[in-house]
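Structure, as structure tokens:
Coordinate-derived values only; no laboratory data. What you see is a predicted model, and the numbers here were worked out from it, not measured in a lab. When we count neighbours, we look across all protein chains shown, and the Cβ atoms used for this are built from the backbone with ideal geometry, even at glycine.
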Amino acid sequence: MLLLQLLLLLFLPAAIQRLRVRLKAKDWLSPVVLCYICGILLGNAGFLTLDPELTQGFLTATVVLAIPLLLVGTNLPAWMRQAPSVTLSFGLAVLGVVAASLVTHALFTGQAEQGRQPHRIGA
């Protein structure tokens, strides 16, 4: 089962990308959304038990690789020209997250104990 999980983690995104190109859906259907949908369906189907250590290790490695890859394509002079609007957008996003957190805290204050139980993937 560990080998199947590793193969899915490595090759499912490439298969999804090829399927998108073959179906000519590359302009309107994101591979990220499709990978999330596949992960949700596979994780909730019940027939696949995932190894949490492998999943966490793979997640850590891909994030470490993704951050430099995102920064390579950054156009710094364009960012500097757009700095005022980007700063305003970031400030509004932070304000939205803080507001949503405060509202959520107010709504679910007495129910904190329910959220502390560990969740096992595939269990």
Under 19 Å from a point placed 7 Å out from the Cα of GLN17 along the Cα-to-Cβ direction: which residues of the range 24-50 have their backbone N that close? 24-39
As an exercise, identify the trypsin sites (Lys or Arg not before Pro) in the range 12-116 lying in DSSP coil whose Cβ has no more than 11 other Cβ atoms within 10 Å. LYS24
Equivalent ellipsoid semi-axes - Cα gyration tensor, the range 1-73, angstrom: 22, 19, 10
Residue-averaged [θ]222 nm for the chain, counting only DSSP H segments that reach four residues, each worth -39500 (n - 2.57): -24000 deg cm²/dmol
Sparsely packed chymotrypsin sites (Phe, Trp or Tyr not before Pro) within the range 1-45, loop by DSSP, other Cβ within 10 Å at most 16: TRP28
Sequence-separation-based contact order of the chain, relative, with Cα cut under 8 Å and 6+ spacing, percent: 38 percent
Hydrodynamic calc, the chain: Kirkwood Rh from Cα pairs, then Stokes-Einstein at 10 °C with viscosity 1.306 mPa s, so D in µm² s⁻¹ is 85 µm²/s
Nearest-0.05 FRET efficiency for THR109 and GLN56 at R0 = 22 Å, using Cβ-Cβ distance, is 0.15
